[in-house]
Amino acid sequence: MHPVGTNTNTGPRKRLKRSRSYPLDMPVTVADNTMVTPKYDEDCSSFPLEEIVRYPLPGYVAPTSVSFSPDDNLIAYLFSPDHSLSRKVFCFNMETGKHELVFSPADGGLDESNISEEEKLRRERARERGLGVTRYEWVKMGSVKKKMIMVPLPDGVYFYDLSCLKVDLKLESTPTSPIIDPHLSPDGCMLAFVRDYELHVLDLLYKKEKLLTYGAKGSTLTHGLAEYIAQEEMDRKNGYWWSLDSKFIAFTEVDSSEIPLYRIMHQGKSSVGPDAQEDHAYPFAGASNAKVRLGVVSIAGGPITWMDLLCGGNCGAAKSEEEYLARVNWMPGNVLTAQVLNRNHTKLKILRFDIKTGQRKVIFVEEHSTWINLHDCFTPLDKAVGSGSAGFLWASEKTGYRHLYLHDMDGTCLGPLTEGDWMVEQIAGVNEAAGLVYFTATLGGPLESHLYCVTLVPGKGHPLSDPVRLSHSNGKHVVVLNHQMQSFIDIHDSLACPPCVFLCSLHDGSLITTLYDQPTGVPRFKRLQFEPPEIVQTKANDGSVLYAALYKPDERKFGPPPYKTMISVYGGPGVQLVSDSWISTVDMRAQFLRSKGILVWKLDNRGSARRGLSFEGALKHNFGRSDAEDQLSGVEWLIKQGLAKAGKIGLYGWSYGGYLSAMTLARFPDIFCCAVAGAPVTAWDGYDTFYTEKYMGLPSENPSGYEFGSVMYHVRNIKGRLLIVHGMIDENVHFRHTARLVNAFVAAGKPYELLIFPDERHMPRRLRDRIYMEERIWEFIDRNL
């Protein structure tokens with residue numbers, strides 16, 4: 001379960017974006033590409049409710065998908081010059097110092113009405129809102145002087161030659177047979193893609209297309225596509241992987257035949273029949289997962305070599321050691337590796353395969369009694385220091401915090417590279433020649449993210465060297481290193497600063513040039529009178545430090561506290577809401593409520609991310625306990641400070657936050673008077689296998705936890721008012737969750753309010769629906785708080 005944010009790759013999970021200021025009354029493109037003009041009155045303190053649904057968020061129009069050309073002379077990025085969601089490809093020329101538009105689709109590109117149902121669902125799982133051009137890749141073929149990019153669009157895959165300004169449509173796509181997930185080979189000569197659930201390759205030199213897999217048509221099989229669980233829960237969007245020498249492709253075969261189809265009816269349509277329904281292979285907690293095989297095929301075609309591996313298909317088998325194919329990586333010498341996770345999420349194996357025979361060898365096993373968190377830090381090395389042969393970097397939480405370790409080719413750990421009460425987030429790059437590894441981490445504190453560098457010498461028998469910090473300003477830093485390991489792109493933001501993009505030296509982090517900057521004093525910021533929230537600390541009942549963001553109303557306008565208070569919650573694992581990031585400053589609903597004299601409080605309870613495995617593990621088998629209790633502790637702190645008053649406090653949240661809003665309202669009825677629960681999970685036996693069982697175990701093993709963790713179990717305690725908001729075609733958290741909760745309210749004789757959207761999924765996308773939703777939510781809060 002991923003949080004629903006304001007992502008166009010700009011929300012809490014992903015950051016980047018921005019541009020120069022434009023007149024305030026300029027038409028703005030919103031989520032459904034409808035043009036609207038914001039309405040303001042003479043009072044500069046006015047905050048139109050429509051601002052909550054206006055995208056991109058203030059300040060989040062900076063470049064995204066930033067990358068260096070193969071020769072490092074150009075920096076490409078996606079950008080919207082009109083501050084809309086529709087982006088084009090631009091380049092910054094390192095020699096001339098100029099920014100240039102290099103690719104703009106003639107028809108405007110993607111607009112959500114011209115893509116297939118499969119792509120729409122993939123966008124849902126990625127929480128993607130971007131339009132126009134949403135992805136590109138550099139082509140690494142031919143002369144070094146020749147610069148070319150590949151751009152997938154709804155009508156086909158385009159290649160744009162920057163040298164001669166020529167656009168070439170290499171591969172056409174149709175709504176009935178769309179091209180899915182196209183990717184270039186490492187040498188740039190071939191293009192792989194999935195069409196009609198089969199894996200294809202296109203030879204770009206001779207424009208010859210070849211079908212590599214067979215058997216999916218008319219069956220429950222897919223080849224080369226990530227299954228639902230991989231996309232939604234494992235953060236694995238790909239179902240195939242190019243070998244480093246571009247001669248082979250590893251791919252998944254997914255068989256969903258053992259998963260009963262879950263039918264979703266389109267109740268809002270005027271028609272009935274096949275066009276008004278959809279079926280999904282959705283694996284419920286305790287039931288079977290899809291069966292996943294891993295194969296390797298030559299780009300020349302021919303027989304497929306199946307690796308000695310079969311994941312999934314084990315109905316409720318808690319002891320299944322090879323349940324999930326989590327990651328696939330190629331290493332030098334055409335060595336294929338796979339990370340395989342057991343059903344209980346406590347054991348992960350790294351397997352090495354002989355791609356000629358499919359034979360396997362277990363080279364490494366990671367175990368933890370809490371759970372294993374998947375990551376993308378596995379990094380092959382040509383030579384592991386201390387072994388004289390190839391090896392790899394790995395990140396483990398065996399100390400309670402994620403740190404880097406060096407391993408040889410056989411999996412033997414040669415020692416740690418980092419240590420301490422902080423966590424490594426991502427490996428940004430490795431310079432083997434210089435013996436350096438670059439990574440982002442929380443060494444500066446759990447509310448920030450910085451770029452660091454350490455040597456590749458493992459610390460066995462001697463102290464580790466201290467990491468060198470290369471990013472300087474406080475806040476969050478997302479980085480992209482160039483190929484020559486001489487410089488890096490730094491996308492920086494903080495509570496006080498919208499995202500900025502800089503080119504910096506990888507030697508000491510010093511500024512080379514500013515690629516994109518935006519002053520904070522632009523009219524939209526001034527007009528809405530934003531103030532960054534105050535970051536405060538409180539404690540859980542076990543003494544754990546909890547971080548919170550406090551949005552206080554203007555005392556000059558609304559008088560002294562206590563204030564009516566709304567608690568903004570998510571609370572689930574894998575997510576952090578409170579950080580030194582601009583995304584907290586432009587929390588539009590929080591700022592809107594603040595402008596109405598309501599205090600907004602946002603707290604990361606135990607179980608949230610970036611605080612270590614012990615802190616996160618407080619939720620194990622206990623959804624609805626410590627998370628709700630920590631939210632209560634935060635409110636008790638507010639009351640003690642004289643900022644809030646019991647009985648005048650509400651909650652709101654979406655997805656897991658919707659669940660926690662309803663649960664907290666029910667568990668502490670004398671403190672909370674109302675709650676808004678958006679797309680809530682109401683009973684964990686109705687959610688998917690991977691997410692639910694990782695944290696709650698199987699239903700058969702933890703019946704009391706599932707019972708207590710159900711909102712329905714606590715409905716009889718509710719005294720306040722609950723507004724449930726849900727899309728009826730939500731394929732992630734099914735509307736069934738809300739229907740079951742409504743039944744419980746009826747059985748208990750309790751009142752409830754329901755706001756449904758017949759044609760929306762996990763989060764409303766259409767402008768009219770989003771505006772209507774915010775109007776109803778505000779009316780509910782104003783009436784009940």
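The values are calculated or read from the model by the stated rules, or taken from the named source; none is laboratory data. The model shown is predicted, which means the values in this text are computed figures rather than measured ones. Don't worry about glycine lacking a Cβ; one is built from the backbone with ideal geometry, like all the others, and counts go over all protein chains shown.
Details
- Hits in the stretch 511-530 - residues which are within 18 Å of Ser584 (Cα to Cα) and either modelled with pLDDT of 95 or more or exposed (fewer than 14 other Cβ atoms within 10 Å of the Cβ) (or both): Pro519, Gly521, Lys526
The rows are residues; the columns are (1) more than 22 Å from Tyr687 (Cα to Cα); (2) in the same structural domain as Leu341 (by TED's automatic domain parsing); (3) surrounded by fewer than 14 Cβ atoms within 10 Å (Cβ to Cβ); (4) aliphatic (A, V, I, L, M).
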position: Trp241; (1), (2), (3), (4): yes, yes, no, no
position: Leu261; (1), (2), (3), (4): no, yes, yes, yes
position: Ala281; (1), (2), (3), (4): no, yes, no, yes
position: Ser288; (1), (2), (3), (4): no, yes, no, no
position: Cys311; (1), (2), (3), (4): no, yes, no, no
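- When Gly571 is tested against the conditions (1) surrounded by fewer than 16 Cβ atoms within 10 Å (Cβ to Cβ); (2) modelled with pLDDT of 95 or more; (3) more than 22 Å from Gly475 (Cβ to Cβ), the lone failure is (1).
- Qualifying residue in the stretch 669-682 (condition: assigned to a loop (DSSP other than H, G, I, E, B), assigned by TED's automatic domain parsing to the domain that holds Asn605, hydrophobic (A, V, I, L, M, F, W, C) and within 30 Å of Arg766 (Cβ to Cβ)): yes
- Those strands (runs of 3 or more DSSP E) of the stretch 293-395 in which 1 or more residues are polar (S, T, N, Q) occupy 305-311, 324-331, 335-341, 379-381.
- Residues (in contact (Cβ under 8 Å) with a residue 60 or more places away in the chain and within 19 Å of the chain's Cα centre (by Cα)) located in the stretch 575-601: Val575, Gln576, Leu577, Val578, Ser579, Asp580, Ser581, Trp582, Ile583, Ser584, Val586
- Answer from Ala441, Ala434 - the residue that is crowded, with 21+ Cβ neighbours inside 10 Å, of a type in the set (A, V, I, L, M, F, W, C), out of contact with any Cys (no Cβ under 7 Å at 6 or more places or on another chain) and not assigned by TED's automatic domain parsing to the domain that holds Arg352: Ala441
- Residues in the stretch 401-415 that are in contact with a Leu (Cβ under 9 Å, 6 or more places away or on another chain) and surrounded by fewer than 18 Cβ atoms within 10 Å (Cβ to Cβ): Cys413, Gly415.
- Within the stretch 67-89, the residues that satisfy the criterion of being surrounded by 20 or more Cβ atoms within 10 Å (Cβ to Cβ), more than 12 Å from Gly132 (Cα to Cα) and of a type outside the set (A, V, I, L, M) are Phe68, Ser69, Tyr77, His83.
- Test for Lys147: is it outside the structural domain of Ile299 (by TED's automatic domain parsing), within 32 Å of the chain's Cα centre (by Cα), at pLDDT below 95 and crowded, with 21+ Cβ neighbours inside 10 Å: yes
- Within the stretch 429-444, the set of residues being in a loop (DSSP other than H, G, I, E, B) and in contact (Cβ under 8 Å) with a residue 24 or more places away in the chain comprises Glu432, Ala434, Gly435, Thr442, Leu443, Gly444.
- Test: residue in the stretch 712-723 that is free of Cβ contacts under 8 Å to residues at least 12 places away in the same chain, over 16 Å from Gly653 (Cα atoms) and not polar (S, T, N, Q): yes
- Qualifying residues in the stretch 753-785 (those that are β-branched (Val, Ile, Thr) and within 26 Å of the chain's Cα centre (by Cα)) - the one farthest from Tyr659 (Cα to Cα): Ile771
- Flag if Thr357 is touching a His at 6+ places or on another chain (Cβ under 8 Å) and assigned by TED's automatic domain parsing to the domain that holds Gly286: no
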